[in-house]
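What follows is one structure encoded as structure tokens, with my remarks underneath.
The values are calculated or read from the model by the stated rules, or taken from the named source; none is laboratory data. As the structure is a prediction and not an experimental result, all values here were calculated from the model. Backbone-built Cβ (ideal geometry, glycine too); neighbour counts: all protein chains shown. Surface accessibility is based on the protein's heavy atoms, side chains included, excluding ligands, DNA and RNA. Shrake-Rupley method; radii C 1.70, N 1.55, O 1.52, S 1.80 Å.
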Amino acid sequence: MLYSYAGHILVIDLTTGNIEKQELNEDYARQYVGGRGLGARYLYDLLKPGIDALSPDNILIMMTGPFTATGIYACQKYEWVTKSPLTNIYLCNNTGGSFGVRLKESGYDGIIIKGASNTPKYILIDGDNVDLQDASSVWGKKVSETQRAIYEMTKADTIVCTGSSADLPNPVKFAGVYDGHRCSGRGGLGAVFGSKNLKAIAVMKPNKKIEPKIYNPSGLKDELSELIKDIKKNEVTGEQLPKFGSIIWMDTTAQFGILPTRNYQDILTYEDIEGKIDTTGYGKKVVKSKELKAINCLDCPILSGHVVIPDHGEWAGKPTKGPEFETSWALGANLGIIDFGHIISANKECNEYGIDTISTGVAIGFAMECRQKGLINDDILEWGNSESVIKMIGKIANREGWLGDTLADGVRSASEKIGNGSNSFALHVKGLEVPAYDPRGVWGMALTYATSIRGACHLKSWTVAAENSKDYIPVSTEKKAKLVKDIQDLRSVMDSLIVCFFAGRAINKDWIVRLVNVVTDFDWTPEKLDEIGARIYDLERMISVREGITSKDDLLPHRIMEEPLNNGQWKGKKITKENMEIMLREYYKLRNWDENGIPKRSV
Ligand code: SF4
């Protein structure tokens, strides 16, 4: 028997309309836990290598974890896995909101979606009654309009959906999926929805909640009363995140000398952003609102999201969720726009069309540099010009004009079309656009981007704080392979249970083991956690290896590898091929992967 699982998954074939309730594979749950790990295990079995990610052959999986619906604070997210149309490799995304909890309370640990419908559909889940409903009336609609319309039709408690960009005949390759104000943006999950003619999934609040059976209920109660104290007394989870959300990392990234601007051509110092797009600037935009709980995740005392009000554009005056740090970098600092007013409006535009803010900002930065270098003709794109950014967001989301259509496929594809050496500043790894930390001043992030399982991603191993502690030298290869591997393995487990990345400051490895051992009978130790993390990472790598990924793909863009930083405290620093090889060799050895980056263990 499995404690803390619902014990069933939904399997929905959109081609045939067949819907089945299947038993959860207990061995898989014990080996791969839930969320990301369990989703990857099912994907490994079901996904045929080499298929087109936007064909009916792609498989879409949503999984909760053993912490879901247990009331454990900041642990109520859920995970999506699929093959990405942007990178053509494995994709995993975790999302906040309420979908995971409501699904598990309805009796399911996850959903596997196969095939494609001939006509637009949404899935309606009401306990054991699961139906495919006609979504023609909301096809092509933006996110909030879709959520409102489906709510009117169903009165569902939770609605996850795509925006208009996913419903195009050729969906934007980085279209996302939205749970209320929470977004699963990276890698084109929404495009996979669109290719399957799937607009949304709606879950009714169950009349009778199915609560997971907890292994040690009184132990859980005791642990929760201790955990809340640790969350509150931790400076990051108890003070900084509740006040400023992830914008706290705008300040530190600038202070550490690694906040890039103008498509990584230069670095912004803290003085450049002070009082404007730092925590102080953000604090001025936050408003008190009764919407606060609704924009945050269920059962989270941290409440890292805030309500802000766009001051111009179509959404002016309407309260919305404040932008995260990565968004504020991609749509603001990266484009030379040091103004939260603009960032809030640009974020809202992206979230309504349903496109990933990081990929959108990096794609626009790439196009601005192409124009700067005379490689494209465009009369609106210009560094620091917020109007041109808002217009370009609309063009990308609608695939309007040659440039909008080109950028909607991501910077890897755009640089192949534009040519003329533009690939040297097309900032992506394996097709996924880079986030906000310039690795030239923090070399562990170079290895992180190169080896992250879904392409350039900061979430799978964020080394910035560790590398700026007394134990490390940021611009050195020393000890970086072990640091990156250890964090990646821990994150694999956190994404499988599922523990919010932000809460990880308080919910550390010891806490995770304690919590696992009260909700399940898994009897974990810290060593067991490490072993499971490495097993999940190997499995995910194997899914991408089947798609052709090897060590030749664990590379960074030319700009980061070979162009020295122009300014800032790390002026003159670059990674170089030799340094990457040193870190990668050590990393493969620690992972027990061969020199081609292939795991030696069999799945
Ligand atoms: S810290 Fe923020 S993102 Fe994490 S669970 Fe809480 S509200 Fe959600």
Hey, S492 at pLDDT 95 or above and either more than 18 Å from the chain's Cα centre (by Cα) or under 21 Å from K77 (Cβ atoms) (or both) or not: yes
Conditions: (1) farther than 28 Å from E352 by Cβ; (2) open to solvent by less than 50 Å² (accessible area, probe 1.4 Å); (3) of a type in the set (D, E, K, R). D278 meets all but one. Number of the miss? (1)
Looking at N94 and the list (1) among the polar types (S, T, N, Q); (2) part of a loop (DSSP other than H, G, I, E, B); (3) within 13 Å of the ligand (Cβ to nearest atom), which single condition is not satisfied? (2)
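Residue under question is M494, and the condition is that it be open to solvent by less than 60 Å² (accessible area, probe 1.4 Å), out of contact with any Lys or Arg (no Cβ under 8 Å at 6 or more places or on another chain) and closer than 26 Å to I89 by Cβ; does it hold?
yes
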Would you confirm whether or not region 579-599 contains a residue that is touching a helix residue (DSSP H, G or I) at 6+ places or on another chain (Cβ under 9 Å), open to solvent by 30 Å² or more (accessible area, probe 1.4 Å) and at pLDDT below 95? no
Given (1) within 16 Å of the ligand (Cβ to nearest atom); (2) among the acidic types (D, E); (3) more than 19 Å from D538 (Cβ to Cβ), where does D495 come up short, assuming only one miss? (3)
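Residues are listed down the side, and each one gets a yes or a no for (1) in a helix (DSSP H, G or I); (2) charged (D, E, K, R); (3) more than 16 Å from the ligand (Cβ to nearest atom):
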position: R440; (1), (2), (3): yes, yes, yes
position: Y449; (1), (2), (3): yes, no, yes
position: Y472; (1), (2), (3): no, no, yes
position: D486; (1), (2), (3): yes, yes, yes
position: G504; (1), (2), (3): yes, no, no
position: D521; (1), (2), (3): no, yes, yes
position: K528; (1), (2), (3): yes, yes, yes
position: E531; (1), (2), (3): yes, yes, yes
position: A534; (1), (2), (3): yes, no, yes
So which residues in region 286-338 are modelled with pLDDT of 95 or more, away from the ligand (no atom under 15 Å from the Cβ) and in a loop (DSSP other than H, G, I, E, B)? G332, G336, I337, I338
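Every residue, every condition in (1) in contact with a His (Cβ under 7 Å, 6 or more places away or on another chain); (2) touching a residue at least 40 places away in the same chain (Cβ under 8 Å); (3) within 16 Å of R505 (Cβ to Cβ); (4) crowded, with 19+ Cβ neighbours inside 10 Å, yes or no:
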site: D230; (1), (2), (3), (4): no, yes, yes, no
site: L241; (1), (2), (3), (4): no, yes, yes, yes
site: I248; (1), (2), (3), (4): no, yes, yes, yes
site: D251; (1), (2), (3), (4): no, no, yes, yes
site: N263; (1), (2), (3), (4): no, yes, no, yes
site: D266; (1), (2), (3), (4): no, yes, no, no
Selection from region 76-91 of residues of a type in the set (S, T, Y) and away from the ligand (no atom under 16 Å from the Cβ) yields T82, S84, T87, Y90
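Yes/no per residue for (1) open to solvent by less than 30 Å² (accessible area, probe 1.4 Å); (2) without any contact (Cβ under 8 Å) to a residue 60 or more places away in the chain:
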{"position": "D126", "(1), (2)": "no, no"}
{"position": "V130", "(1), (2)": "yes, no"}
{"position": "D134", "(1), (2)": "no, yes"}
{"position": "V143", "(1), (2)": "yes, no"}
{"position": "Q147", "(1), (2)": "no, yes"}
{"position": "M153", "(1), (2)": "no, yes"}
{"position": "I159", "(1), (2)": "yes, yes"}
{"position": "G187", "(1), (2)": "yes, no"}
{"position": "K196", "(1), (2)": "yes, no"}
Lone qualifier among V287, V307 - being within 25 Å of S98 (Cα to Cα), in contact (Cβ under 8 Å) with a residue 12 or more places away in the chain and surrounded by 17 or more Cβ atoms within 10 Å (Cβ to Cβ): V307
If we keep only residues of region 261-285 that are among the basic types (K, R) and in a helix (DSSP H, G or I), then the residue farthest from the ligand (Cβ to nearest atom) is K284
For Y73, indicate whether it is open to solvent by 10 Å² or more (accessible area, probe 1.4 Å), more than 30 Å from A408 (Cβ to Cβ) and within 16 Å of the ligand (Cβ to nearest atom). yes
Tell me, please, whether a residue that is assigned to a loop (DSSP other than H, G, I, E, B), within 28 Å of E349 (Cα to Cα) and open to solvent by less than 20 Å² (accessible area, probe 1.4 Å) can be found in region 380-395. yes
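Would you say K114 is more than 16 Å from the ligand (Cβ to nearest atom), in contact (Cβ under 8 Å) with a residue 40 or more places away in the chain, of a type in the set (K, R) and touching a Ser or Thr at 6+ places or on another chain (Cβ under 9 Å)?
yes
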